[in-house]
Amino acid sequence: MNPTDIAHPDYFHKVVDCQWACPAHTPVPEYIRLIAAGRYGDAYMVNWESNVFPGILGRTCDRPCEPACRRGRVEEGSPEHRKASAKPEPVAICRLKRVAADYKGDIRGRLPKPPTARNGKRIALVGAGPASLTVARDLVPLGYECVIFDGDRQGGGMMRTQIPKFRLPDSVIDEEVGYILDQGIEFRGGTRVDSMRALLEQKFDAVFVGSGAPRGRDIAIPGRNEARKNIHIGIDWLSSVSFGHVTSIGKRVVVMGGGNTAMDCCRSSRRLGGEQVDVIVRSGFDEMKASPWEKEDAMHEGIPIHNYLVPKAFTHDNGKLTGVTFEKVAPQKDKNGRRQLVPTGEPVVHFPCDDVLVAIGQENAFPWIERDLGIAFDAHDMPVVDKATMASTRPDVFFGGDAAFGPKNIIWAVAHGHDAAISIDLYCHGESLAKRPPAHVNLLSQKMGIHEWSYDNAIHGDKRYRVPLKDKVIALKDIRAEVELGFDLRTAYAEAQRCLNCDVQTVFSDKLCIECDACVDICPMDCITFTVNGAEPDLRTRLMAPAPDLEQALYVSAPVKTGRVMVKDEDVCLHCGLCAERCPTGAWDMQKFLFEPAHADDRCHGKHASAVPVEFAGLAAE
Amino acid sequence: MTYLAKPKIHHPDLPKNALGFTRRDYEGAISTLCAGCGHDSISAAIIQSFFELDIAPHRVAKLSGIGCSSKTPTYFLGNSHGFNSVHGRMPSVLTGAALANRDLIYLGVSGDGDSASIGLGQFAHILRRGVNMVYIVENNGVYGLTKGQFSATADKGSKSKRGQVNSDEPIDLVLLALALGATFVARGFSGDKTQLVPLIKAAVAHRGAAFIDIISPCVAFNNHPGSTKSYDYVREHNDAVNRLDFWPSREPITAEYPPGGVRDVELFDGGRIRLHKLDDDYDPSNKVGAMTYLESRRAQGEVVTGLLYVHPDSGDMHDALETVDTPLNALSDADLVPGNAALAALNASLR
């Protein structure tokens, strides 16, 4: 193998699995260390820079970071886990984010001030959800005049209308949406955009569409029309609940669908009078789209989940719904090896109920965009959007969030928003959208002295801590009472210490190595091998411990004195720094890799005009 | 050294031996030696060897004297018996322990100061007596604990860190061990575990006095140009006469070898050593040849490593003393005090 190019920003970024997996590339270990240090405000600002809604995401994020977390791969080898034969679990990254939000104190002084001078450019943003708010947050400090339109009177979009209050209280939305709207943004609440043509005629310099995926998919089976009074579309019903238009539901409720919306529907039903609430899913339990923790939360509230049932008909009596019949199916592989659901031939199952909530998917809907404006739509009636620039086929119109590529989640909307803001900034300055600004990268030794590192490198054996919940009886009585109580500070510290500091990188210098084997001997995970070089598939089998996970890189050095190379398997490295402690020549060093993705203000004229990467402006300002 | 304990957490796929232990179960406390010390690599090689031999840690007694090397038994086989004796006196304690309980596996760990200076007399007699043990000298040519004075094994003409030239003749412990009747003699290098681990395993399986001289660079005081015990010097002048593989008695030899240049040695317990000759003329069963070869290479500044001499059918101290098979510490009072009649019979036999 050729020596690894550690100067390429992607190499060490990929080692920080959580940050690499986060669509907005939040520097996770950085903020977790700040939480452990009791610097909650700083931890919040690190988050706010990258993901804009730390308090909201700390309660609702889909957490792509957690399945990626290295802790979940290494814990199997810890004595604590062998004793308890417990499942290895990642660090509770998401809930630590909430800790930063809960204990940050007043950070308003650290937010960008409304600009004193405008640059003369006007941007229209359709929808006041996470995507549009992110675009506005990135652009307003640069002098852009941003106008946000939304049919609802309050900002927040789906975060406010579709996520139940017992998961995400209004106060959190008000605060974090407020931080953005207070920066001098013109928010036209209660003003639905009904015509793109009319909007474009208002001579904005650019238009951003962040209108979400607002249409719930319906189901067309017998009885749908006759029993329509008691059949509700999930997301519409959730927003009616959210606005207080719906305050009760029947005693027996069937929720159709296996996604997170279905979980929100069933748990909301339990709080509005539903005593027997059943979730019924076409697929198997493991294939359900809902996050595992949301399924757990639903089951914790006494809601059974039934799998492999396909709805056949609504039963009704004199226009009143009486139940739903389902056909039993089983998974089977067809000739091409594809999994299919095949009826088992067993008799149909009838679930008697008073109300049905249909949560089987969401669709985009753009009836308000005229098709002759130069904005191309594809065969699925989705806008044609560039994945990197978020640009549509019309130069001054950009998309982001669910409106761009269909339903995803908040953190993706934020990532889209950052990218779109860069594009809009480039477009408004007449520059090519392909000229993306580079990310900020900083690599700094953490050595403070002999045996002294500027991070806490001891490995803690603790198992993942659970977030305490409000007593079930009380929680089910009030739909606005938040169920999760959040970590207290003592638990937050303990959970933060489970983080392995994967951003503190093991950096090797072949010139300094004397091949004493000290690092090989001390490495608790057998990550380091000195061996004769070879092709990657061959090398992976010749290491101290085999390295079968091709997703995880091998760090290969240039030849050392004896002609061998150092090969380090990044997969299960604990980043404990013992290799560097034991190295007599300093050939190993622990260096913190800080990666900050580019935002709109980085575009050559911004605050980071110098080529030297710097720490976050928010931290430096303190 | 480090202030941080080595995390107990290990690789999820770490292999287990026949006893169900991982290699990590054979570790000891974390080393307090200097970073990069060759002794730590030797500790790792010992850990690897006992793990691969499927030896239960409680069957091993590790004994040492004084010095950097003699600290190391703390850093391996944390669940074995241990005795840290007086400077240079490890051999007498080991001899006594071996007499009292012949069932344990004895591992003596010493250094060039402990064995070639203050303990040279004890070194000589334990080998003469053929005590069944593995005697390891972690040889770095300097007194590391007292800041790097030349030890008795430092080569004449080699330089200290400050540039002084050593004017004394060195003691070659390997030649001495051969002369004194050790029946398994080898030299290894802490920087080459692929050679060292099979040497230690074969030495453990050998019955009788097994001696391994391991060149172990002192990174703090003896790893500079002018030293003959530095990583660079040993790598450049390493004359490895053979490489070996070791199989315990119960395992069939599975690996395949190209024909030629291979020699098998069967040990007392049925274990086998397979030697890959790197030097065609070297014969490890010829003691006189070995001594001549070692002396001639040493004169050229070369460091001869490998299995240098082995006499597989040698007896040990217990054979010579005709002791009973039961360990002496396991004999009952009735066995030890057989009574007046037995005494009278013994006296009569001497008249």
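The values are calculated or read from the model by the stated rules, or taken from the named source; none is laboratory data. Since the model is a prediction, treat every value here as computed from it, not as a measurement. Virtual Cβ from ideal backbone geometry, glycine too; neighbours counted across all protein chains shown.
Observations
- One residue stands out in segment A:380-419 among those that are among the charged types (D, E, K, R) and in a loop (DSSP other than H, G, I, E, B): the one that is surrounded by the fewest Cβ atoms within 10 Å (Cβ to Cβ), namely A:387.
- Residues that are touching a helix residue (DSSP H, G or I) at 6+ places or on another chain (Cβ under 8 Å) and surrounded by fewer than 18 Cβ atoms within 10 Å (Cβ to Cβ), drawn from segment B:181-204: B:181
- Which listed residue, of A:528, A:479, is buried (at least 18 other Cβ atoms within 10 Å of the Cβ), under 35 Å from the mean Cα position of the chain (by Cα) and away from chain B (no Cβ under 14 Å): A:479
- Residue in segment A:575-590 that is more than 14 Å from every other protein chain (Cβ to nearest Cβ), closer than 21 Å to residue A:518 by Cβ and in contact with a Ser or Thr (Cβ under 8 Å, 6 or more places away or on another chain) present: no
- Sole exception among (1) closer than 23 Å to residue B:184 by Cβ; (2) modelled with pLDDT under 90 for residue B:258, by number: (1)
- Residue satisfying all of: in segment A:502-524; away from chain B (no Cβ under 13 Å) and buried (at least 23 other Cβ atoms within 10 Å of the Cβ); nearest to residue B:223 (Cα to Cα) among these: A:508
- Scanning segment A:305-320 for residues that are in contact (Cβ under 8 Å) with a residue 24 or more places away in the chain and not in a strand (DSSP E or B), we see that the one that is nearest to residue A:265 (Cα to Cα) is A:307.
- The residues in segment B:63-114 that are charged (D, E, K, R) and under 22 Å from residue B:207 (Cβ atoms) can be counted, and the count is 2.
- Yes/no for residue B:278 being surrounded by fewer than 17 Cβ atoms within 10 Å (Cβ to Cβ), touching a residue at least 24 places away in the same chain (Cβ under 8 Å) and of a type in the set (A, V, I, L, M): yes
- Residues in segment B:7-33 that are more than 16 Å from residue B:79 (Cβ to Cβ) and within 7 Å of another protein chain (Cβ to nearest Cβ): B:7, B:9, B:10, B:11, B:12, B:13, B:14.
- Between B:289, B:271, the distinction of being at pLDDT below 85, over 28 Å from residue A:518 (Cα atoms) and not polar (S, T, N, Q) belongs to B:271 only.
- Within segment A:561-571, not a single residue is under 27 Å from the mean Cα position of the chain (by Cα), surrounded by fewer than 16 Cβ atoms within 10 Å (Cβ to Cβ) and more than 11 Å from chain B (Cβ to nearest Cβ).
- Of the helices (runs of 4 or more DSSP H) contained entirely in segment B:140-245, those carrying at least 1 residues that are without any contact (Cβ under 8 Å) to a residue 24 or more places away in the chain, under 30 Å from residue A:529 (Cα atoms) and within 14 Å of chain A (Cβ to nearest Cβ) fall at B:231-237.
- Considering only residues in segment B:1-32 that are in contact (Cβ under 8 Å) with a residue 40 or more places away in the chain and among the hydrophobic types (A, V, I, L, M, F, W, C), the one that is nearest to residue A:521 (Cα to Cα) turns out to be B:30.
- Residue satisfying all of: in segment A:287-300; in contact with a Lys or Arg (Cβ under 8 Å, 6 or more places away or on another chain) and surrounded by 17 or more Cβ atoms within 10 Å (Cβ to Cβ); nearest to residue A:275 (Cα to Cα) among these: A:298
- Total residues in segment B:213-240, condition aliphatic (A, V, I, L, M), out of contact with any Leu (no Cβ under 6 Å at 6 or more places or on another chain) and closer than 21 Å to residue B:278 by Cβ: 3
- Here A:74, A:99, A:91, A:46 are screened, and the one residue that is crowded, with 23+ Cβ neighbours inside 10 Å and part of a loop (DSSP other than H, G, I, E, B) is A:91.
- Pick from segment A:459-476, criterion under 24 Å from the mean Cα position of the chain (by Cα) and of a type outside the set (Phe, Trp, Tyr), ranking: nearest to residue A:238 (Cα to Cα): A:469
- Matching option when the condition is in contact (Cβ under 8 Å) with a residue 60 or more places away in the chain and touching a Pro at 6+ places or on another chain (Cβ under 7 Å), among A:40, A:44: A:44
- Flag for residue A:547 being out of contact with any helix residue (DSSP H, G or I) (no Cβ under 7 Å at 6 or more places or on another chain) and under 20 Å from residue B:24 (Cα atoms): yes
- Any hit, segment B:42-60, residues being within 7 Å of chain A (Cβ to nearest Cβ), within 20 Å of the chain's Cα centre (by Cα) and within 24 Å of residue B:204 (Cα to Cα): yes
- For segment B:118-130, the candidate set comprises residues that are surrounded by fewer than 24 Cβ atoms within 10 Å (Cβ to Cβ) and touching a residue at least 60 places away in the same chain (Cβ under 8 Å); within that set, the residue that is farthest from the chain's Cα centre (by Cα) is B:129.
- Of all residues making up segment A:336-379, the number that are farther than 16 Å from residue A:212 by Cα and assigned to a loop (DSSP other than H, G, I, E, B): 21
- Checking each residue in segment A:252-304 for being within 21 Å of the chain's Cα centre (by Cα), closer than 20 Å to residue A:350 by Cα and in a helix (DSSP H, G or I) picks out only A:262.
- Test for residue A:424: is it more than 14 Å from chain B (Cβ to nearest Cβ) and among the β-branched types (Val, Ile, Thr): yes
- The requirement of being touching a residue at least 40 places away in the same chain (Cβ under 8 Å), over 22 Å from residue A:470 (Cβ atoms) and touching a His at 6+ places or on another chain (Cβ under 9 Å) is fulfilled nowhere in segment A:249-265; no residue meets it.
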